[in-house]
Amino acid sequence: MFNLRLKALILLVITLFFSGLHAQAVKVAVTDLDGGKHYKDYASTVTGIIISELSANSKIELIERSQLKKILDEHGLQMTGLVNPEQAVELGKFIAINKLITGTLGPLGNQFVITVRMIDIETAKVDLAVTETVVNASSLPSGSKVVAEKLINAIKNGKAVSESAREKLKYSCETKNDAGACFKLGVMWYKGIEGLKNQIFARKLFAVSCRFGFGKACYYSGNMAKKGIGGNKEPLKAGKFFKAACDSGYQKGCTQKGFSSGGGAFGAPAVSGGNESIGPKKRSGGAPEETISELEE
């Protein structure tokens, strides 16, 4: 009799323990990312990967997609492209959720951009907005996992997350011609800080920063062109970058042998097809200015 009571007590404790864990879980619904007419399949794949990553976390209770679709259909709401916070709150009246994750997938030249927002149902505010750019379709799975990781971290924190350093730097680089921001963003792409590693993007950003007058970026651009990092080896262009570094006062550029003494532009691409002129030197207050050892040589 005593053993039966003891077993019953243990069973009750275990049940209460797991019930407590379940109660602490954040209830999350994920709508299909909107890929438009041409990228619907890619968007579906990205959505599936994000859901898979979220479902593996014990702090998150995902609403079944079939249940979500049924409720959306019943109330005339869309499964795809539900991006308005007011609509999210409306959905919260019909299904018990804490967060709604929604977003889009679209092309940017030959690249793809994943944009996801996480809306808090109670406050009708966006807790987190994530934008991840990947170089091609084959990079979408890894990019999707980066997005999912950011969502999971935001959910664990239990509060709104500030805009990432990468996104702030991107804005300053593209809209303010901030040489320091372009350089720091290049470092983040090179090292994979807050996302994927991409030496191609890093090389372009260092070139843009150089165009705006940042000598260290010119030197990094020269080394990447010289060594063939993030693209082909281009000795002549490397020489022009080293000269630009030297002219701007970055002494390491002056020590490179064989740099071109000729002036003129280097043909470095802008981040988004923007300004081609050399702007003033500026510094941004985002991520700290880091050093890449192999580009210092």
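The values are calculated or read from the model by the stated rules, or taken from the named source; none is laboratory data. None of the values given here were measured: they were computed from a predicted structure. Every residue, glycine as well, gets a Cβ built from its backbone with ideal geometry; the counts of neighbours run over all protein chains shown.
So is residue 83 at pLDDT below 80, at negative phi and out of contact with any Phe, Trp or Tyr (no Cβ under 7 Å at 6 or more places or on another chain) or not?
yes
Considering region 151-197 alone, what residues qualify as being charged (D, E, K, R), modelled with pLDDT of 80 or more and touching an Asp or Glu at 6+ places or on another chain (Cβ under 8 Å)?
Matches in region 151-197: 184, 191.
Is it the case, given these coordinates, that residue 212 is farther than 30 Å from residue 148 by Cα, at pLDDT 90 or above, buried (at least 21 other Cβ atoms within 10 Å of the Cβ) and of a type in the set (Phe, Trp, Tyr)?
yes
Quick check on region 185-221: of everything there that is assigned to a helix (DSSP H, G or I) and in contact with a Pro (Cβ under 8 Å, 6 or more places away or on another chain), which residue is farthest from residue 167 (Cα to Cα)?
Ranking the candidates gives 207 first.
Of the conditions (1) over 30 Å from residue 225 (Cα atoms); (2) in a helix (DSSP H, G or I); (3) in contact with a strand residue (DSSP E or B) (Cβ under 6 Å, 6 or more places away or on another chain), residue 143 satisfies every one except a single condition; which number is it?
With respect to (1) over 30 Å from residue 225 (Cα atoms); (2) in a helix (DSSP H, G or I); (3) in contact with a strand residue (DSSP E or B) (Cβ under 6 Å, 6 or more places away or on another chain), residue 143 is out only on (1).
Any residue that is surrounded by fewer than 18 Cβ atoms within 10 Å (Cβ to Cβ) and closer than 24 Å to residue 56 by Cα - is there at least one of those in region 168-187?
So far as region 168-187 goes, no, none of its residues is surrounded by fewer than 18 Cβ atoms within 10 Å (Cβ to Cβ) and closer than 24 Å to residue 56 by Cα.
Quick check on region 23-42. Is at least one of its residues of a type outside the set (Val, Ile, Thr), buried (at least 19 other Cβ atoms within 10 Å of the Cβ) and without any contact (Cβ under 8 Å) to a residue 60 or more places away in the chain?
yes
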